[in-house]
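Notes follow the structure.
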Amino acid sequence: MKKVCVFVVGPAGSGKSYFVGGMLEWMRRVGYEAVAVNLDPGAEFLPYEPEIDVREFVSLRDVMAEYGLGPNGAQIVACDIVASQIGEVAAAVDGVDTDYVLIDTPGQMELFAFRTASEMVVERLGGDFPFMVFTMDPMLARTPSGFVSLLLLSASVHTRFYVPFLNVLTKVDLLSDEDLDRIATWSTDYMAVMDDLLRERPTMSREMSIETLKSLQGLGIGAGLVATSAQMLFGFEDVYAKVQDVYYGGEDLEAR
Ligand SMILES: Nc1nc2c(ncn2[C@@H]2O[C@H](COP(=O)(O)OP(=O)(O)OP(=O)(O)O)[C@@H](O)[C@H]2O)c(=O)[nH]1
Ligand SMILES: [Mg+2]
């Protein structure tokens with residue numbers, strides 16, 4: 001049986017945990033088997049019931065007390081402790097009979113995306129069918145330079161892990177139809193982003209965005225964005241279709 005592991009990665013507050021909750025809810029409603037795994041030792045609240053929760057393996061408060069660290073330093077140590085115990089987490093995931101494992105990652109994205117230990121985490125947990133979703137906050141994606149900075153961040157994560165990858169625009173219920181249409185156009189047409197960038201005030205930031213966009217285009221890194229809203233339970237069918245395209249040639253799972 002294929003067990004697809006979807007890692008949900010993105011900047012703090014970009015909607016990772018709610019995305020996991022929304023996707024889980026949508027999959028269960030349509031009859032597909034999915035479970036959620038929380039890899040964020042610092043999560044105060046989760047909008048879903050995790051099947052496996054690293055907070056049972058490591059407590060941020062204990063790490064703070066034991067190592068005499070503040071919350072940020074403790075997050076780093078806690079993530080390394082999670083990585084050192086990844087065999088146990090992987091064994092727990094292996095023991096679950098399901099088609100999809102939706103994996104929520106730490107709020108401070110750099111802890112997951114840019115630390116060497118994470119490569120091992122993705123390799124061990126992702127098994128033969130890893131997939132990565134990069135969550136983009138719509139408020140940042142609304143301006144051309146904000147959109148390009150998210151593309152750059154996403155590309156730097158993508159090129160670190162080399163697993164099938166999808167950019168997801170979250171919380172689209174907060175966007176006007178006009179903003180959503182514009183971002184959708186940008187995601188399929190970098191020339192449209194360039195045209196809008198050139199209309200921005202000429203600053204160093206704009207120049208940097210223009211050069212970044214040219215580099216991404218030169219590298220052939222597209223945006224390929226899917227729009228979702230956990231609040232409206234919208235867009236998860238499209239995410240599912242993208243994952244199924246990669247691992248099942250577009251075929252649907254059997255409803256269980
Ligand atoms: N309107 C709306 N708000 C959302 C949606 N998804 C998430 N939010 C809100 O956005 C905030 C952040 O969402 P989270 O899912 O916790 O984001 P996160 O990336 O997991 O955050 P950290 O783990 O703290 O980095 C919360 O206040 C949510 O209520 C959505 O689909 N629509
Ligand atoms: Mg979260």
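General remarks:
- Segment 35-145: C-alpha gyration tensor shape, a/c 1.5 cut-off, then a/b vs b/c: oblate
- In order along segment 131-141, the Karplus-derived 3J(HN,Hα) couplings, from 6.51 cos²θ - 1.76 cosθ + 1.60 at θ = phi - 60°, round to 8, 10, 10, 10, 8, 10, 6, x, 5, 7, 6 Hz, and Gly and Pro are given as x.
- Dipole magnitude (debye, nearest 20) for the chain, charges at Cβ of Lys, Arg, Asp, Glu: 580 debye
- Per-residue extension of 0.36 nm, minus the Cα-Cα distance of ALA12 and GLU56, leaves a gain of 13.6 nm for this segment.
- Stretching MET120 away from ASP80 to a fully extended chain increases their span by 13.3 nm, per 0.36 nm per residue minus the current alpha-carbon distance.
- Among VAL77, TYR18, VAL37 - extreme Cα towards positive end, dipole of the chain, charges at beta-carbon: VAL77
- Of LYS16/LYS242; LYS16/LYS214; LYS16/LYS171; LYS3/LYS242, pairs whose Cα-Cα distance is over 20 Å: LYS16/LYS214
- Taken over the alpha carbons of segment 182-222 as equal point scatterers, the Debye sum produces base-10 log I(q)/I(0) values at 0.23, 0.27 Å⁻¹ of -0.75, -0.96.
- Compactness relative to 2.2 N^0.38 Å, alpha carbon Rg of segment 115-256: 1.13
- The tail of the calculated P(r) for segment 169-244, taken as Cα-Cα distances beyond 20 Å, holds 43 percent of the pairs.
- Tensor-based shape of the chain (alpha-carbon gyration tensor, a/c under 1.5 rounded, otherwise prolate or oblate): oblate
- Per-residue ellipticity at 222 nm from helix content only, as computed over the chain with -39500 (n - 2.57) for each DSSP H run of at least four residues, stands at -15500 deg cm²/dmol.
Computed from the coordinates by the stated procedures, all read-outs in this text should not be read as laboratory data. Owing to the predicted nature of the structure, the values given are computational and were not obtained by experimental measurement. Every residue, glycine as well, gets a Cβ built from its backbone with ideal geometry; the counts of neighbours run over all protein chains shown.
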